[in-house]
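Rule-based calculations on the coordinates, nothing more; no lab input. Being a predicted model, the structure only gives us computed values, none of them experimental. Note that we place each Cβ from the backbone using ideal geometry, even for glycine, and neighbour counts take in every protein chain shown.
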């Protein structure tokens with residue numbers, strides 16, 4: 001069971017503000033990508049990668065300030081000092097092996113329902129880029145973003161701070177629901193909303209079960225790795 005964390009109601013507002021910024025930047029990036037595709041203008045993947053890494057670094061710095069302001073350490077605030085580390089990681093591996101095929105199935109159902117109402121399902125821009133580019137550098141950039149930076153950043157905000165801060169205000173079920181739904185919506189892809197919301201639920205359960213954010217980060221990273229391999233394999237198969 002998740003132990004008491006140092007977060008206060010104000011921390012909920014800070015994280016929601018950060019997520020709002022991420023949401024707006026995602027909309028801007030999506031708009032730029034669509035315009036670039038329409039005008040056949042190339043976007044430098046190296047510039048995108050540097051911006052993404054710097055932005056994640058800023059978020060990590062803000063999280064560090066939040067941790068220090070509560071008189072805590074990263075180990076205590078996120079359960080990195082929890083016992084049975086290997087057990088937590090093995091649990092994360094097992095959860096990922098169960099979640100990934102279910103998420104694929106949910107994605108297939110979402111795409112089918114969208115087509116039935118004449119909405120065109122589309123993959124995320126990063127996946128589209130991965131499937132269309134033949135250059136090695138962009139593929140490496142996307143791998144680092146998806147497998148390392150995204151899981152750490154998103155888990156710190158969603159499961160690390162937002163989930164326990166809402167739960168400790170007396171709303172455990174609402175905390176899990178809100179963090180999962182916002183997590184699914186933040187990726188700005190209707191076809192992926194349901195499978196990513198399901199992933200968010202399972203990552204929240206995993207953090208609650210292990211009391212160790214390393215488990216959620218590891219599972220998230222494995223999930224993204226599986227999707228990355230799936231996208232690359234799909235490109236090579238065509």
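Summary table
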{"item": "Residue exposure sequence - 16, 1 - by fewest surrounding Cβ within 10 Å", "result": "1, 16"}
{"item": "Cα centroid of region 1-76 to Cα centroid of region 179-238, whole Å", "result": "16 Å"}
{"item": "Theoretical gain in end-to-end length, residue 60 to residue 114 [0.36 nm per residue, Cα-Cα removed]", "result": "15.8 nm"}
{"item": "Value in Å of the Kirkwood radius, where the chain supplies the Cα pairs that are averaged", "result": "18.7 Å"}
{"item": "Angle in degrees between helix 9-39 and the longest Cα principal axis of the chain, rounded to the nearest 10", "result": "10 degrees"}
{"item": "Neighbour-count ranking [beta-carbon atoms within 10 angstrom, fewest first] of 171, 228, 207", "result": "171, 228, 207"}
{"item": "Helix-derived mean residue ellipticity, 222 nm - over the chain, DSSP H n ≥ 4, -39500 (n - 2.57), to 500", "result": "-25500 deg cm²/dmol"}
{"item": "Nitroxide proxy distance, nm - points 7 Å out along Cα→Cβ at residue 135 and residue 31", "result": "2.5 nm"}
{"item": "The chain: most fluctuating residue of 218, 193, 55 per GNM, C-alpha cutoff 10 Å", "result": "55"}
{"item": "Packing-based exposure ordering (other Cβ within 10 Å, fewest first) of 47, 182, 53", "result": "47, 53, 182"}
{"item": "Of 75, 159, 35, the one that fluctuates the most in a GNM where the chain has Cα springs shorter than 10 Å", "result": "35"}
{"item": "Where labels lie 7 Å past Cα in the beta-carbon direction, separation of residue 22 and residue 209 in nm", "result": "2.3 nm"}
{"item": "Gain in span if fully extended, residue 70 to residue 85, counting 0.36 nm per residue against the direct Cα distance", "result": "2.9 nm"}
